[in-house]
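S.K.: Below you will find the structure I want to go over with you.
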Amino acid sequence: MPTLAPSPVAARPPVTPAETHGPGVQVRPGPAPVARVVGAGAPVPLDDGRHVPYANLDYAASAPCLEAVQEAITRALPYYSSVHRGAGYASQVTTDAYEKARETVRGFLGAWQRAAVVFTRNTTDAMNLLAHAVPAGTTVVVFETEHHASLLPWRRAVRLPAPATPAEAISAADRALAGSPGGPRLLVVTAASNVTGELWPIRELADVAHRHGARIAVDAAQLVPHRPLDMAGLCLDYVAFSGHKLYAPFGAGVLAGRADWLRAAPPYLKGGGASASVSGHGDTTRWAPGAEQRHEAGTPNVLGVIALAAACETLATRWDALAEREEHLLARLRSGLAAIPGVRELTLWGGRGPRVGIVSFVVDGWSARDVALTLSGEHGIGVRDGKFCAHPFVRHLLDVSGAGCSGGEGTAVRASFGIGTADEHIDRLLAALARLAVAR
């Protein structure tokens with residue numbers, strides 16, 4: 001099968017130098033960028049009519065597109081066609097790219113060779129697919145700290161309160177699994193919180209699950225854009241993540257893991273591709289035996305999958321540089337926030353443990369919505385405000401911090417970053433928040 005020829009991509013807009021810096025923050029250049037994203041330095045309008053380079057600090061919602069991903073899509077488009085059943089040249093090329101992407105994702109996750117890799121729309125879709133596939137009577141143990149994608153899909157769930165420490169998370173899961181009824185059991189947990197960025201002890205939780213004969217499913221949506229994941233080494237049964245958080249915003253996601261529950265379940269969607277044979281008037285159907293084919297009915301999102309694989313290939317060669325850069329930005333942001341009176345960071349475990357580039361906070365005297373709107377309209381900064389699709393967890397954090405009235409009816413502000421984030425973006429945010437704190 002021939003390799004697709006490279007195609008030109010649009011020229012990058014220039015990145016404009018820094019304008020302002022936070023109070024008391026020393027401006028030292030950080031490590032060099034590890035890759036490039038599309039739209040870095042794109043101008044955005046302010047309320048006063050000026051334009052400034054956009055400071056995108058909303059990566060945890062959707063990360064920008066990597067240039068390498070854009071290039072992969074551009075190369076694939078001339079040969080875009082249907083997959084698996086076409087005899088034409090373009091269909092063969094596209095099918096080959098689609099199935100090679102599955103192997104790329106398997107390697108990116110460190111999954112064992114026989115693991116199923118099912119392409120979905122996103123993490124929410126992947127977790128709902130798993131909820132559809134678990135055997136009848138399965139008891140699911142899940143913490144209230146989860147994103148709604150992992151909290152809500154289960155038919156029979158034991159929901160645990162937010163643990164005060166990682167050790168308490170392990171012991172709480174241990175007690176819950178020990179006390180659960182017999183039959184299939186599944187522990188569901190995040191790898192990195194989408195609210196605080198804190199990393200969860202997934203290896204230890206996997207050990208607990210397996211000691212009780214249970215399985216573990218990990219929401220890795222916020223981890224894999226920042227750190228490598230070794231499914232086999234960590235003994236994880238299932239992993240879900242989204243392309244749009246992994247610098248591949250083309251609508252693809254993944255559920256990877258043990259194939260037996262997926263093979264035994266009826267198709268998540270019934271239609272073309274999921275069926276091996278249909279007889280009579282459609283009243284008798286034999287479903288495809290393989291986990292991937294069975295749960296990927298219809299024409300798949302081929303370009304989204306190609307984009308996802310390109311992102312995986314790009315990140316897999318840059319983890320050390322990416323982590324170094326992120327630690328630099330995290331230290332800059334968190335120390336700057338701590339120096340501003342009236343700004344309080346939200347953390348589950350005190351903020352001392354390992355984390356990815358996600359920080360949530362409240363500003364005394366300001367609703368989270370007004371903070372976000374002011375940052376956008378007056379400073380060209382994009383952040384997220386709200387409960388971040390983790391309503392029970394955010395309410396817990398606000399109550400613990402005593403910030404319930406400051407967050408705007410139980411809401412907070414979240415700044416998140418990654419490839420393409422400049423020191424100036426962090427400094428601009430800190431300077432803007434310092435002005436808000438004075439104006440309250």
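S.K.: Over the Cα atoms of the stretch 205-359, each weighted equally, I'd like the Debye log10 I(q)/I(0) at q = 0.11, 0.19, 0.20 Å⁻¹, rounded to two decimals.
M.R.: After summing over all Cα pairs, the log10 values are -0.64, -1.25, -1.30.
S.K.: Semi-axes of the stretch 69-316's equivalent ellipsoid from the Cα gyration tensor, sqrt of 5 times each eigenvalue, largest first, rounded to whole Å?
M.R.: Numbers: eigenvalues 203, 102, 35 Å².
The answer is 32, 23, 13 Å, longest axis first.
S.K.: Can you spot the aspartates and glutamates whose alpha carbon is less than 20 Å from residue 270's alpha carbon? Ignore those fewer than 8 places along the same chain.
M.R.: 125, 260, 283, 292, 296
S.K.: For the stretch 274-367, report the % of Cα-Cα distances exceeding 16 Å.
M.R.: Details: 3227 of 4371 pairs.
Considering the stretch 274-367, 74 percent of its Cα-Cα pairs are separated by more than 16 Å.
S.K.: Then there is this: Among 197, 376, 413, which residue has its Cα furthest toward the positive end of the charge dipole of the chain, with +1 on Lys/Arg Cβ and -1 on Asp/Glu Cβ?
M.R.: Comparing the listed Cα positions along the dipole, 197 ranks first.
S.K.: Still on this structure, please answer the following. Near residue 319, within a Cβ-to-Cβ distance under 14 Å, what is the net charge of the other residues, with Lys and Arg +1 and Asp and Glu -1? If you can, show how the numbers build up before the last one.
M.R.: Numbers: positive: 227, 318, 325; negative: 230, 313, 320, 324, 326, 327.
For residues surrounding residue 319, the net value is -3.
S.K.: Do any GluC sites (Glu not before Pro) in the stretch 71-125 lie in a DSSP loop with no more than 15 other beta carbon atoms within 10 Å, and if so, which? Intermediate values should be presented prior to the final figure.
M.R.: Values: sites: 71, 99, 103; in loops: none.
In loop regions of the stretch 71-125 (DSSP not H, G, I, E or B), there are no sparsely surrounded GluC sites (Glu not before Pro).
S.K.: Would you order 333, 130 from fewest to most other beta-carbon atoms within 10 Å of each residue's own beta-carbon?
M.R.: On the way: 333 25, 130 28.
Ascending Cβ contact count within 10 Å gives the list 333, 130.
S.K.: What are the ³J(HN,Hα) couplings of the stretch 351-365, residue after residue, when phi is run through the Karplus curve with 6.51, -1.76, 1.60 and θ = phi - 60°? Round to Hz, x for glycine and proline.
M.R.: 3J(HN,Hα) across the stretch 351-365, in whole Hz: x, 9, x, x, 7, 9, x, 9, 9, 10, 7, 10, 10, 4, x.
S.K.: Please get the size of the charge dipole for the stretch 87-179, origin at its Cα centre, with Cβ charges of +1 on Lys and Arg and -1 on Asp and Glu, quoted in debye to the nearest 20.
M.R.: 200
S.K.: Among 127, 231, which comes first, second and so on when ranked by fewest other beta-carbon atoms within 10 Å? Before the final figure, lay out the partial values.
M.R.: Values: 127 28, 231 22.
The most exposed by this proxy come first: 231, 127.
S.K.: If you don't mind, there's one more thing I want to ask. Above 23 Å lies some portion of the pair distances; for the stretch 335-440, what is it as a whole percent of all C-alpha pairs?
M.R.: Roughly 20 percent, rounded to a whole number.
S.K.: Where does the Debye-calculated log10 I(q)/I(0) of the stretch 148-193 sit at q = 0.21, 0.28, 0.29 Å⁻¹, using only Cα point scatterers of equal weight, no solvent?
M.R.: For the requested q values the scattering log ratios are -0.82, -1.30, -1.34.
S.K.: Here's a follow-up. Going by how many other Cβ atoms sit within 10 Å of their own, how do 312, 235, 389, 65 line up, fewest first? Write down the numbers at each step before the final one.
M.R.: Details: 312 24, 235 14, 389 17, 65 21.
Going from sparsest to densest Cβ surroundings: 235, 389, 65, 312.
S.K.: Counting helices only, and only those DSSP H runs with n ≥ 4, report the 222 nm mean residue ellipticity of the chain as the sum of -39,500 (n - 2.57) divided by its residues, in deg cm²/dmol to the nearest 500. Mind showing how you got there, number by number?
M.R.: Values: 14 runs with 157 residues, N = 440.
Here the helix-only value at 222 nm equals -11000 deg cm²/dmol.
S.K.: Turning to a different aspect of this structure: Please work out the Cα convex hull volume for the stretch 128-269 and give it in Å³ per residue.
M.R.: Values: hull volume 15.4 nm³, N = 142.
Expressed per residue, the convex hull around the Cα atoms of the stretch 128-269 is 108 Å³.
S.K.: Taking only C-alpha pairs under 8 Å that are 6+ residues apart, what is the relative contact order of the chain in percent? Please report the intermediate quantities before stating the final value.
M.R.: On the way: 911 pairs, mean separation 103.3, N = 440.
Value for the chain: 23 percent.
S.K.: Let me ask something else about it. With a 10 Å cut-off between alpha carbons and a GNM built on the chain, which of 90, 169, 191 moves the most?
M.R.: Result: 90 has the largest fluctuation of those listed.
S.K.: So for the chain, what are the equivalent ellipsoid semi-axes in whole Å, largest first, each being the square root of 5 times an eigenvalue of the Cα gyration tensor? Mind dumping the intermediate values first?
M.R.: Details: eigenvalues 283, 172, 62 Å².
That gives 38, 29, 18 Å for the three semi-axes.
S.K.: If you don't mind, another one. Inverting the mean 1/r over all pairs of different Cα atoms, compute the Kirkwood radius of the stretch 71-119 and quote it in Å. Walk me through the numbers on the way to the answer.
M.R.: Values: mean 1/r = 0.0848 Å⁻¹.
Value: 11.8 Å, from the Cα pair sum.
S.K.: Cα to Cα, under 19 Å, and not fewer than 8 places away if on the same chain: which lysines meet these conditions relative to residue 245?
M.R.: Qualifying lysines at Cα under 19 Å: 387.
S.K.: Please give, to one decimal in nm, the separation of the simple spin-label points placed at residue 278 and residue 84, each 7 Å out from Cα toward the Cβ.
M.R.: Inter-label distance under the simple model: 1.3 nm.
Taken together, the values in this text are just the output of simple stated rules run on the coordinates, not laboratory data. Not measured: the values here are computed from a predicted model. For neighbour counting, all protein chains shown are included, and Cβ atoms are generated from backbone atoms with ideal geometry for every residue, glycine included.
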